[in-house]
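This report concerns only the one structure given below.
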């Protein structure tokens, strides 16, 4: 039965940035369908510090909580024109948005390979294909993340491990509330979305649930846009 294929009982899911916004909604959905969800925020692990990432995964391994499902959701962004973008901030965005994802994939892989089952999922952004002019560095890191997904998907498919990316559009989260409340900018953004509405955090959770479960076992190397049609041409 299809319902049984969504059952995640017995699976450990690690979701970064999962105490609020999209990450929390994803964690809640995986938990609802039976997964043991390990939630992350900056107090748990600073993803800008590679040593801290390894220390966190050492702890997860010692506790028997290495992930069957890894959702790399946490990211940082700064809105600054590219010509004035501070290099220190750019390095930090690369560390958090890309290199931490790579390292967590590396640390999760041995368990997934041994059991012939695993789910590696990144939460990207519509900026991958439609970069905001003041977030070029953020867009570049998300594009790199999506390329990592496509590069790994073919290699890991024979081992029962799927690798996918989910690219959200304009979501009404704490990160976006202030700019979307602007009486000029907000309506301009809404007008650019074919559905003319913002997404709620839960709108990404169903897609991740599909990719994390056996119901989505035949999907790998995909970048699924959850954007209300924002990235459509024309």
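For the reader, a short list of remarks on this structure follows.
- Residue match in the range 178-191 (condition: within 18 Å of the chain's Cα centre (by Cα) and either free of Cβ contacts under 8 Å to residues at least 24 places away in the same chain or at negative phi (or both)): no
- As for the range 128-144, it holds at least one residue that is in contact with a strand residue (DSSP E or B) (Cβ under 9 Å, 6 or more places away or on another chain) and within 26 Å of residue 19 (Cα to Cα).
- Among (1) surrounded by fewer than 19 Cβ atoms within 10 Å (Cβ to Cβ); (2) at pLDDT below 90; (3) touching a strand residue (DSSP E or B) at 6+ places or on another chain (Cβ under 8 Å), the one test that residue 199 misses: (1)
- Within the range 27-40, at least one residue is in a loop (DSSP other than H, G, I, E, B), surrounded by 15 or more Cβ atoms within 10 Å (Cβ to Cβ) and under 16 Å from the mean Cα position of the chain (by Cα).
- The range 132-145, residues that are surrounded by fewer than 19 Cβ atoms within 10 Å (Cβ to Cβ) and under 21 Å from residue 176 (Cβ atoms): 132, 133, 134, 136, 143
- Options 205, 167: the member that is in contact (Cβ under 8 Å) with a residue 12 or more places away in the chain and assigned to a helix (DSSP H, G or I): 205
The values are calculated or read from the model by the stated rules, or taken from the named source; none is laboratory data. None of the values given here were measured: they were computed from a predicted structure. Using ideal geometry, Cβ is built from the backbone for each residue, glycine included, and neighbour counts are taken over all protein chains shown.
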